[in-house]
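A.B. asks: Mind looking over this structure? Questions follow.
The values are calculated or read from the model by the stated rules, or taken from the named source; none is laboratory data. Values in this document were obtained by computation on a predicted structure and should not be read as measured data. Using ideal geometry, Cβ is built from the backbone for each residue, glycine included, and neighbour counts are taken over all protein chains shown.
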Amino acid sequence: MDLSAINPVLLIASLMVAATPLLLAAIGELVVEKSGVLNLGVEGMMIVGAIAGFAVSVETGSPLLGLIAAMIGGALLSCLFAFLTQFALANQVASGLALTLFGLGLSALMGQGYVGVKPPAMATLDIPVISDLPVIGPIFFSHDPVLYFGVFLTAAVWYALKFTRIGLVLRATGENHDAAHALGYHVIRVRVIAILFGGACAGLGGAYISLIRVPQWTEGMTAGIGWIALALVVFASWKPWRVLLGAYLFGGINVLQLNLQAAGVAIPVEYLAMSPYVITIVVLVIMSRDKTSAPGSLGRIFHASS
Amino acid sequence: MKLTKLLATAAVALGLASTAMADDKTKVGFVFVGPVGDGGWTYEHNKGRLAVEEKFGDKVETVFVESVPEGPDAERVMTQMALDGADLIFTTSFGYMDPTINVAKKFPKVKFEHATGYKQAPNVSVYSARFYEGRAVQGHIAGQMTKSNVIGYIGSYPIPEVIRGINSAFVHARAVNPDVQFKIIWAYTWFDPAKEADAAKVLIEQGADVILQHTDSTAPQAAAQAAGNVVTFGQASDMSEYAPFPRVSSIIDDWAPYYIARTQAVMDGSWESANTWHGIGDGMVGIGEISDAVPAEIKASALQLKAKLASGEYHAFTGPLNKQDGSAWLADGETADDGTLAGMGFYVEGLEGDVPQ
């Protein structure tokens, strides 16, 4: 056992990278669920975002355009879900699952020509002097812009939900869509916008994996992160900061357990491997002991006539 | 009511028609653990499938299902394939072992072929490649390429096949570099690019400048490339898109000849349950081109080692070798028997850490 081989600064820096795709997807899904819609298609939207972003950034040579394309790709796929559930009044669970399956297949098709291609590198933040500071520099000032955007997005969603009129309308739609409708809010419109937002966030999260974290394209590369994001939203009791905490906890323990393994720590590897899941759930379950519960209209179909 | 009845009849008729049509063709099914575009393990199995199609043309029909989880889901997929009239089914991952045996019991007329396992039945063959011979060559190169004397190893699951690979690579790395150390991470997945990339990055952060992987994606290659001065080897497939550096060589699985031979056997009616374990000599394990990033003398000695392994002149596990706890395993000149290798669950002397149980 050689714990000195683990560099805590690098550990914290890489846990933030590991947590970001999960954070982005989960924040998007949080907004969707707050509006009363359960979209199980996160995984599908992520993987489509991953390939859309990858393809565009390879073709144009610009990572930024790739990220924008990823958001558009994820949002476009979520359009399908919005149409099925909001206009065709299809079952949300079934539609979401179908979206994931469809997204996985579609991305494999789109990615045929991109296996083994190297994407253009994303520039990381590099402020003279500050980025070179010991400890603080590598942890806070030397990441890619998307990572900061993820934290910013969390703050923005928290603020919007808590303090703004838009947030209030969104929450009203999610808590009781009949009441929101009676008050004259356009339930369907609010939900469609929320779904598109969720799609864009998931797409960005996917592109973060294919463009920055790995970076390459392989079929099925999101490997279940979309599902973890879904679970995270529930365990975080639909609260943005808890989602951030959960994502960092999950990413952190994931990176830490790999570090401990490499350093030869004598804890059985099986326990280390399952620790990210167990610890994240336990912490969030303890925190969610207050009375917050799911949005009242979550998963229910709305039609103005009923 | 009438409509549904009509539809049901039509469906039954269609089903009958398609089974009848399938009868004059040999139908070969493949169950894959990852996507066919993973660039590694499943990619090579799929190449074998395509080779079968090319060889037999109209006489054969192949079907495959990709990204099948190891567990009950695999059983469902195999059952479906057998019900759809498959004559021969290849199940291409270790974790499909028990599902394959279970399904094979229910369909005694269907032939099954399970890769890398050890449970046989009258209609279940097992086949695998002696990847550890390739690992020997890899360890030989890796031990001389490392400057930090730390080699990182990304394992998938602690099963005999993977442990054999680690031992073989380690024995041959130590033989050329007595100071070399292995850091091993178990990823508990065959295919998860993000996790594999994380594992590679962690190993690099902890000082490894050679990364060996026993997982299926090319993500560790990308991580090594980003780091700049880290050597990797292609796993299961050539991964030549990362050559000449970081990927300096590779282990390539070539399943095509075996798949063609077994399909032929089913067509002829000569198929019998068998236990096939081929290595470099039979061509099932290939060593990808050693790139120019490797100094010429190392390349030459690596090729010599490969030739000796191929001819059978040298066995990758030749004594004197001790187990990790220091107890004797192989005496001087003694070689490991296949039984011990097939069930290998221990590290050799010098490796640190425990094999997860």
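A.B. asks: Looking only at segment A:246-301, which residues are within 30 Å of A:F83 (Cα to Cα), at pLDDT 85 or above and surrounded by fewer than 21 Cβ atoms within 10 Å (Cβ to Cβ)?
C.D. replies: A:G296, A:L298, A:G299, A:R300, A:I301 - these are the residues of segment A:246-301 that are within 30 Å of A:F83 (Cα to Cα), at pLDDT 85 or above and surrounded by fewer than 21 Cβ atoms within 10 Å (Cβ to Cβ).
A.B. asks: Taking segment B:203-230 on its own, how many of its residues are facing chain A (nearest Cβ under 7 Å) and free of Cβ contacts under 8 Å to residues at least 40 places away in the same chain?
C.D. replies: Keep residues of segment B:203-230 that are facing chain A (nearest Cβ under 7 Å), which gives B:203, B:205-207, B:217-219, B:222.
Next, only the ones that are free of Cβ contacts under 8 Å to residues at least 40 places away in the same chain stay: B:205, B:219, B:222.
Counting residues in segment B:203-230 that are facing chain A (nearest Cβ under 7 Å) and free of Cβ contacts under 8 Å to residues at least 40 places away in the same chain gives 3.
A.B. asks: Could you tell me how many of the residues in segment B:137-169 are farther than 14 Å from B:H214 by Cα and either among the basic types (K, R) or in contact (Cβ under 8 Å) with a residue 40 or more places away in the chain (or both)?
C.D. replies: 10
A.B. asks: Within segment B:118-131, how many residues are in contact with a helix residue (DSSP H, G or I) (Cβ under 8 Å, 6 or more places away or on another chain) and either closer than 12 Å to B:D253 by Cα or small (G, A, S) (or both)?
C.D. replies: As a first pass, look at segment B:118-131 and keep what is in contact with a helix residue (DSSP H, G or I) (Cβ under 8 Å, 6 or more places away or on another chain): B:118-119, B:121, B:123-125, B:127-128, B:131.
Adding the requirement that they be either closer than 12 Å to B:D253 by Cα or small (G, A, S) (or both) leaves B:121, B:125, B:128, B:131.
Count: 4.
A.B. asks: Every residue in segment A:176-216 that is of a type in the set (S, T, Y) and in a helix (DSSP H, G or I), please. I'd like the intermediate steps shown before the answer.
C.D. replies: From segment A:176-216, those of a type in the set (S, T, Y) are A:185, A:208, A:210; that's our starting set.
Selection gives A:Y208, A:S210.
A.B. asks: Show me the helices (runs of 4 or more DSSP H) entirely contained within segment A:50-165 in which 3 or more residues are under 18 Å from the mean Cα position of the chain (by Cα).
C.D. replies: Numbers: elements: A:63-82, A:92-110, A:136-140, A:145-163.
Output list reads A:63-82, A:92-110, A:145-163.
A.B. asks: Further question on the same structure: From A:L256, A:L249, A:L260, A:L272, grab the single residue that is assigned to a helix (DSSP H, G or I), more than 14 Å from chain B (Cβ to nearest Cβ) and of a type in the set (A, V, I, L, M, F, W, C).
C.D. replies: Details: A:L256 fails: more than 14 Å from chain B (Cβ to nearest Cβ); A:L260 fails: more than 14 Å from chain B (Cβ to nearest Cβ); A:L272 fails: more than 14 Å from chain B (Cβ to nearest Cβ).
Result of the check over A:L256, A:L249, A:L260, A:L272: A:L249.
A.B. asks: Cβ-Cβ under 6 Å, sequence separation 6+ or interchain: first residue in segment A:64-81 and closer than 13 Å to A:I51 by Cβ, partner among the polar types (S, T, N, Q) and in a helix (DSSP H, G or I). Which pairs?
C.D. replies: Hits for this filter: A:G66/A:S57.
A.B. asks: Identify all residues within segment A:100-118 that are closer than 17 Å to B:S67 by Cβ and either within 9 Å of another protein chain (Cβ to nearest Cβ) or touching a residue at least 24 places away in the same chain (Cβ under 8 Å) (or both); write none if there are none. Write out each step before concluding.
C.D. replies: In the first step, residues of segment A:100-118 are kept if they are closer than 17 Å to B:S67 by Cβ; the result is A:100-112, A:115.
Scanning segment A:100-118 gives A:T100, A:L101, A:F102, A:G103, A:L104, A:L106, A:S107, A:A108, A:M110, A:G111, A:Q112, A:V115.
A.B. asks: Another question, if that's okay. Against the condition of a type in the set (G, A, S) and over 16 Å from B:F170 (Cα atoms), how does B:A336 come out, does it pass? Full working, then the answer.
C.D. replies: Values: of a type in the set (G, A, S): yes; over 16 Å from B:F170 (Cα atoms): no.
Against the criterion (of a type in the set (G, A, S) and over 16 Å from B:F170 (Cα atoms)), B:A336 does not qualify.
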